[in-house]
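Structure first, commentary second.
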Amino acid sequence: MEFTSYGSVDGFIPPGRRLGMPGPVIDAPSSPISNVLRELDETAIRNLLPHTGLAVVLDRVLIHEPTRATGYFLVLADDVRIKSHFGVMPGVLIAEFAHLTGAVLLMHATEEANIPVLNETRFSVTEVVLPGDGLECNVTLVSQSERAFSFSAAIYKIHTGKLVATVSFTGTRIPKRVFQRQLPRVEPCVNKVAPPGDPAHLVMGWN
């Protein structure tokens, strides 16, 4: 089995992580990466995607060619999404890691005025993911038309090379102007109070 790795730990853990917490040291192998057309760090990813906050399950992306990219994500013990799920990364987050890597691949080249929206996904998880695990996602754009697209993806643990999950998904490109009109108008939650320690403090921004 072949799998690629970003290589250096310093490169894998970007500064200013999503929760502002230092990541654990991971003994990642140093496999050479070929055909890297573009590298996007956490800041570039967040500037590109419409997702914000804890909805971003992606730290770094390497674009290899127009139909192939590799994404990286480090699982932190202090991540509320993991702590709230008995210390194990939920399968839906593993799948979303693949979805977002695919979205970056679609959007990076032209900064296109379309938002890739998920239609259907199928995934199979074969390995438990715990805090301290570094994940690598290899996505391939299988087909696309003017509006529709489909991807296949395989996710591995960087330090062992074990297969974590396979994911296949389809979606539709929606123009940003249409997407923004369809967004619900949500009133700020400034007057609502979440119970102490509730994840809503982080997810919803409640007081």
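The values are calculated or read from the model by the stated rules, or taken from the named source; none is laboratory data. Here the structure is a predicted model, which is why all the values come from computation and not from measurement. Ideal geometry is used to build each Cβ from the backbone, glycine not excepted, and the neighbour counts take in all protein chains shown.
Quick notes
- Condition check for residue 121: of a type in the set (Val, Ile, Thr), over 28 Å from residue 66 (Cβ atoms) and surrounded by fewer than 18 Cβ atoms within 10 Å (Cβ to Cβ): no
Conditions tested, residue by residue: (1) surrounded by 15 or more Cβ atoms within 10 Å (Cβ to Cβ); (2) modelled with pLDDT of 90 or more; (3) of a type outside the set (D, E, K, R); (4) over 24 Å from residue 62 (Cα atoms).
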position: 95; (1), (2), (3), (4): yes, yes, yes, no
position: 113; (1), (2), (3), (4): no, no, yes, no
position: 136; (1), (2), (3), (4): yes, yes, no, no
position: 139; (1), (2), (3), (4): yes, yes, yes, no
position: 179; (1), (2), (3), (4): yes, no, yes, yes
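- Among the residues making up the stretch 126-145, a single one is among the hydroxyl-bearing types (Ser, Thr, Tyr), part of a loop (DSSP other than H, G, I, E, B) and in contact with a strand residue (DSSP E or B) (Cβ under 6 Å, 6 or more places away or on another chain): 126.
- If the condition is being closer than 22 Å to residue 89 by Cβ and assigned to a loop (DSSP other than H, G, I, E, B), then the stretch 38-63 contributes 41, 49, 51, 52, 56, 57, 58, 59.
- Selected residue [of a type in the set (Val, Ile, Thr) and free of Cβ contacts under 8 Å to residues at least 12 places away in the same chain] from 160, 140, 166, 172: 160
- Residue count, the stretch 67-80 (criterion: assigned to a loop (DSSP other than H, G, I, E, B), buried (at least 17 other Cβ atoms within 10 Å of the Cβ) and either among the polar types (S, T, N, Q) or touching an Asp or Glu at 6+ places or on another chain (Cβ under 7 Å) (or both)): 1
- Annotation: of all residues in the stretch 57-66 being under 18 Å from residue 38 (Cβ atoms) and among the hydrophobic types (A, V, I, L, M, F, W, C), the one that is surrounded by the fewest Cβ atoms within 10 Å (Cβ to Cβ) is 63.
- Residues located in the stretch 146-158, provided they are surrounded by 15 or more Cβ atoms within 10 Å (Cβ to Cβ) and part of a loop (DSSP other than H, G, I, E, B): 158
- Output for the stretch 105-125, where each listed residue is free of Cβ contacts under 8 Å to residues at least 60 places away in the same chain and in a helix (DSSP H, G or I): 105, 107
- Residue in the stretch 81-104 that is touching a Lys or Arg at 6+ places or on another chain (Cβ under 8 Å), closer than 18 Å to residue 135 by Cα, touching a residue at least 12 places away in the same chain (Cβ under 8 Å) and part of a strand (DSSP E or B) present: no
- Screening residue 165 against (1) modelled with pLDDT of 95 or more; (2) surrounded by 18 or more Cβ atoms within 10 Å (Cβ to Cβ); (3) touching a Lys or Arg at 6+ places or on another chain (Cβ under 7 Å) leaves a single unmet condition, (3).
- Members of the stretch 101-111 found to be surrounded by 15 or more Cβ atoms within 10 Å (Cβ to Cβ) and in contact with a helix residue (DSSP H, G or I) (Cβ under 8 Å, 6 or more places away or on another chain), listed by number: 104, 107, 108
- Selected residue (criterion: farthest from residue 140 (Cα to Cα)) from residues of the stretch 34-63 that are more than 10 Å from the chain's Cα centre (by Cα) and basic (Lys, Arg): 46
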